[in-house]
Amino acid sequence: MAEKASELVVNGVRKAFDAPGGRLEVLQGVDLRLEPGQAVAVTGPSGSGKSTLLYVIGTLEPPNEGTVQLNGQDPFELSEAERARFRNRHIGFVFQDHHLLPQCTVLENVLIPLLAGKGAGADDEARARQLLDRVGLGDRLSHRPAQLSGGERQRVAVCRALINQPTLVLADEPTGNLDRRNAEAIGTLLLELGREHNTMLICVTHSSELAERFPRRYQLRDGKLWNGAVQRSEKTEQKA
């Protein structure tokens, strides 16, 4: 099957690290294909390689073998500077720790990804205000992170991930530091906003409750993604 320019295609990705006990094989042939608007949850025990998988897909770590293509481009064929620009433009990140800048307001934190590119204009600020209003923070624009709850800070982080209208959002344990009520709210926001903006979403999590809300679920085990019928159908699609 011909690849679409807006797809994410991960093919045969392997990643290993040198460790005191010898070579540590973390990813051992990961395959994944996503189209706009699709959302996937990846679970697995600590140390299984979930975060490593996100770092490779997010262009932060190169694979030892295999390829990653997003929007028809293999970002690892680009120079480091070009890859950074590609990542900033096309990929949004949501981490377990929100990583908001304490000296900046809520609105300024959302606009930060734009500063590495073309800068933030009036239209960008209007979009940031719309996103923040959408997540219930329209009246907190001038607040600093210290004035927000944990759930509110993570909502700001979700808006920041979406401000560049990325093709792909990667969420690494986005509810790990939240209580159950806020975890449910963040899970709902990620899924709803992904559908609204036609964004591909990959979420790695230890939370079975969060994972079960995703239409597609995988387990990272023995360096590969496993999910019965879904995985089999994907391999069939890739061979077609």
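Laboratory data are not the source of any read-out in this text; all were calculated from the coordinates shown. Predicted model only: the values in this text are computed from it and were never measured. Cβ atoms come from the backbone with ideal geometry, glycine included; neighbour counts cover every protein chain shown.
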Among Pro20, Pro36, Pro62, which one shows the biggest mean-square fluctuation in a GNM of the chain, springs joining Cα atoms closer than 10 Å? Pro20
Charge-dipole axis of region 8-239 as Lys and Arg at +1 and Asp and Glu at -1 on Cβ define it, positive-most pick from Pro145, Ser48, Ile91: Ser48
Two-site FRET efficiency, Ser46 against Arg181, from Cβ-Cβ distance with R₀ of 25 Å, rounded to 0.05: 0.50
Most exposed first, judged by fewest Cβ atoms within 10 angstrom, Ile57, Ile202 run Ile57, Ile202
What spacing in nm lies between the two simple spin-label points modelled at Gln73 and Leu101, each 7 Å away from Cα in the Cβ direction? 2.4
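In region 127-214, what GluC sites (Glu not before Pro) fall in a loop by DSSP, with at most 13 other Cβ atoms inside 10 Å? Kindly include the intermediate steps, with their values, before the conclusion.
Details: sites: Glu152, Glu184, Glu192, Glu196, Glu209, Glu212; in loops: Glu212.
Passing sites in region 127-214 are Glu212.
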D (µm²/s, integer) via Stokes-Einstein for region 8-239, Kirkwood Rh across alpha-carbon pairs, 20 °C, 1.002 mPa s: value 118
Within a 10 angstrom radius of the beta carbon, how do Tyr218, Tyr55 rank from fewest other beta carbons to most? Tyr55, Tyr218
Which is the longest run of the chain containing none of the trypsin sites (Lys or Arg not before Pro) found in DSSP loop states (not H, G, I, E, B) with at most 13 other C-beta atoms within 10 Å? 119-240
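Can you tell me how much longer the chain between Arg213 and Asn198 gets when fully stretched, taken as 0.36 nm per residue apart minus their C-alpha distance, in nm with one decimal?
3.6 nm
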If I take R0 = 41 Å and measure r between the Cβ atoms of Tyr55 and Asp139 in this structure, what FRET efficiency does the formula 1/(1 + (r/R0)^6) give, to the nearest 0.05? 0.70
